[in-house]
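Peer 1: Below is one structure. I have some questions about it.
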Ligand SMILES: [Zn+2]
């Protein structure tokens, strides 16, 4: 299988394929870990009641996967995010966010309904929330914004020979997804960027700073 990544045009964006995207998010857990890595620095769970990290992951992760030893209460990264009351599995959210972030012409609720095997009503609601979160139209960010970047995509050495990029650099073949978090409201936005060079990250930070109120 030949992929567009091998195209000679160097200016094209290195975006992961749909297959890779679905392999990245095979189940709810993979989606949850991805969101946690964006909301919590390094993915280390932080209790939203006391701000402490003396926490552990409980066996029965539904509905709240973490427990704070100090507060003795369960919690989740969803607290005060657009995902707080959603029953849609988290990997479907992650995939939907990626699709919206990478399709500049827009994603229809009909497409999400088919691709993610969810009702069109749910797909419409997800799109609405994702667009709101990404546009900042609801006063999404306040002044305290943290930016976190993470790499997504398949591991090069696990890829089929034809799909390898063979450039020897770490992180090659992956897109960089950066998320911005509002520390006060624990809300976030994500964006896929071409690379993690300072200019790219800086551009994103400036974009979201404009949304800050
Ligand atoms: Zn606590």
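Peer 1: Among the residues of the range 79-117, what is the count of those that are part of a loop (DSSP other than H, G, I, E, B), in contact (Cβ under 8 Å) with a residue 40 or more places away in the chain and farther than 16 Å from residue 131 by Cβ?
Peer 2: Of the residues in the range 79-117, 3 are part of a loop (DSSP other than H, G, I, E, B), in contact (Cβ under 8 Å) with a residue 40 or more places away in the chain and farther than 16 Å from residue 131 by Cβ.
Peer 1: Within the bounds of the range 105-128, is there any residue that is within 15 Å of residue 35 (Cβ to Cβ) and at pLDDT below 55?
Peer 2: Scanning the range 105-128, I find no residue that is within 15 Å of residue 35 (Cβ to Cβ) and at pLDDT below 55, so the answer is no.
Peer 1: Another question about this same structure. Which numbered condition trips up residue 69, out of (1) within 16 Å of the ligand (Cβ to nearest atom); (2) in contact (Cβ under 8 Å) with a residue 24 or more places away in the chain?
Peer 2: (2)
Peer 1: Could you go through the range 38-49 and let me know if any residue there is in a loop (DSSP other than H, G, I, E, B) and more than 28 Å from residue 98 (Cα to Cα).
Peer 2: The answer is yes; a qualifying residue exists.
Peer 1: Then there is this: Taking the range 55-77, which residues are outside any strand (DSSP E or B) and surrounded by 11 or more Cβ atoms within 10 Å (Cβ to Cβ)?
Peer 2: Scanning the range 55-77 gives 58, 61, 64, 65, 69, 70, 71, 73, 76, 77.
Peer 1: Further question on the same structure: Test residue 48 against the criterion of being in contact with a strand residue (DSSP E or B) (Cβ under 9 Å, 6 or more places away or on another chain), surrounded by 13 or more Cβ atoms within 10 Å (Cβ to Cβ) and at pLDDT 95 or above, and give yes or no.
Peer 2: It is false that residue 48 is in contact with a strand residue (DSSP E or B) (Cβ under 9 Å, 6 or more places away or on another chain), surrounded by 13 or more Cβ atoms within 10 Å (Cβ to Cβ) and at pLDDT 95 or above.
The values are calculated or read from the model by the stated rules, or taken from the named source; none is laboratory data. As the structure is a prediction and not an experimental result, all values here were calculated from the model. Neighbour counts run over all protein chains shown; Cβ positions are idealised from the backbone, glycine included.
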